[in-house]
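What follows is a single structure, written as structure tokens, with notes after it.
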Amino acid sequence: MFKLAIVCLLITVSGCSTLQQGIWFNSIDELIKNNQYQQAIHQAKRAHPEDTALIKNIERQANIYRRQQLKLVNQLLEQKQWAKASERLFILKSTLPDHRQFQRIEDRLNQLRKHEGLFLACQEALAQANYLHSQTQSQLFEYRDKQTDLFWWQSNSPLQHQKHLLADKLISYAQQAILQNDLLLAQKAYNEAVTLNENAKNKHISESIKHGLAKQNAASIQQQQTKLIRELNEAMIEENFEQIIALVSKLSKPSFKGKDVKEAVESAQSLLVFNAKELDLLGDSVYRQGDIERAMTLWQQAQTLNSSMTELKDKINRAKKIQQKLNLLRGSQNQ
């Protein structure tokens with residue numbers, strides 16, 4: 001009787017297992033259609049013999065789908081839709097083969113969400129600081145107006161206590177902002193904390209902010225310098241003299257320095273000088289042929305390219321006088 005019960009149980013379990021497979025089983029095409037690429041690959045690998053071409057095809061489709069969906073996730077990050085981005089990323093991790101991009105985007109999501117939370121908390125604390133400052137001014141006015149007691153000015157007064165508590169909170173926010181590399185936010189929080197409580201000064205925090213901002217500024221200048229040099233080289237290739245002059249002017253500022261800047265500026269200036277001389281010679285040629293107006297135009301262009309050619313000013317002035325005399329002479333002949 002016991003053996004019969006065991007046999008019946010096994011038949012029942014086997015029947016349920018077969019029924020379950022019939023209900024839940026999906027073909028590879030259905031899995032792909034539903035974007036269940038991870039399961040489709042797993043199912044394809046269980047086939048005997050293994051269809052390598054099919055697996056690679058599924059992986060290719062999975063890669064295309066992943067890139068499309070991650071673009072949407074990045075758009076959600078730009079819109080600060082943290083919950084929607086997190087939900088979509090979770091679905092992708094569950095349905096697609098594992099990829100390093102998932103972890104990178106998840107780290108970015110957590111960083112951005114954390115930073116916005118810190119920024120808003122810091123803004124709220126700064127607003128509270130403004131309120132406490134206004135309270136201080138109101139109580140000072142009351143004292144000046146009615147000669148009331150100044151007990152609130154003492155270090156153990158409720159108002160001072162609130163200021164000190166808020167200063168501690170802002171110091172904490174400044175430290176968090178430094179860790180998140182938002183040094184401007186850290187600077188704002190730290191400066192306000194010290195304003196609320198002079199004893200909140202912290203040399204380590206102030207030095208971290210100072211050095212960090214200096215480093216960021218140097219990196220920003222270097223990035224801008226590289227960009228300007230690249231643009232200058234392109235302008236020289238195209239012989240865009242107007243742009244060359246503008247870029248040389250920018251790169252001549254004291255903030256831009258180094259061998260690369262010097263070489264780029266010298267090359268540009270040499271090109272300007274060469275073309276200025278060419279325009280000068282062409283101006284001389286057309287002047288001798290009697291085309292004074294065109295000669296003046298060419299000399300003015302040369303002067304724009306190289307302002308150090310002082311002789312051009314004399315040529316232009318002399319040509320203007322001759323042109324005026326010719327105009328007067330033509331006018332008198334026409335009368």
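Some points to look at:
- Residue separation of Lys210 and Ile64 scaled by 0.36 nm, minus their Cα-Cα distance, works out to 48.0 nm of gained length.
- Counting only Cβ charges, +1 for Lys and Arg and -1 for Asp and Glu, the dipole size of the chain around its Cα centre is about 140 debye.
- Per residue value of the accessible surface for the chain (all protein chains in place, 1.4 Å probe), Å²: 69 Å²
- In this rough spin-label picture, where each label sits 7 Å from Cα along the Cβ direction, the Asn233-Gln137 distance is 5.4 nm.
- Cα lying deepest toward the dipole's positive end in the chain, options Gln103, Ile28, Gln187, charges on Cβ: Ile28
- Theoretical gain in end-to-end length, Ile322 to Ile221 [0.36 nm per residue, Cα-Cα removed]: 31.3 nm
- Using C-alpha pairs under 8 Å with a sequence gap of at least 6, the mean separation divided by the residue count of the chain gives a relative contact order of 7 percent.
- In terms of the mean number of neighbouring beta-carbon atoms within 10 Å, the peptides 276-288, 48-60 order highest first as 276-288, 48-60.
- Per-atom-type breakdown for the chain gives carbon and sulfur 52% of the accessible area (1.4 Å probe, protein chains only).
- Simple label model, 7 Å out from Cα along Cβ direction - Lys201 to Ser86, nm: 4.2 nm
- Percentage relative contact order, the range 199-335, counting C-alpha pairs under 8 Å, at least six apart: 16 percent
- Computing Cα Rg over 2.2 N^0.38 Å directly from the structure and comparing it against [x] 1.91; [y] 1.32; [z] 0.99 singles out [x].
- Long pairs among Lys33/Lys71; Lys250/Lys315; Lys169/Lys203; Lys227/Lys259; Lys163/Lys201, criterion Cα-Cα beyond 24 Å: Lys250/Lys315
- Annotation: extensible slack from Thr304 through Asn26 equals 92.5 nm (criterion: 0.36 nm per residue apart, minus Cα-Cα distance).
- Within the range 203-313, the ratio Rg/Rh, alpha carbon atoms throughout and Rh by Kirkwood, equals 1.23.
The values are calculated or read from the model by the stated rules, or taken from the named source; none is laboratory data. None of the values given here were measured: they were computed from a predicted structure. Neighbour counts are summed over all protein chains in view; Cβ atoms, including those assigned to glycine, are modelled from backbone coordinates with ideal geometry. What goes into the accessible areas is simple: the full protein's heavy atoms, side chains included, and nothing from ligands, DNA or RNA. Shrake-Rupley method; radii C 1.70, N 1.55, O 1.52, S 1.80 Å.
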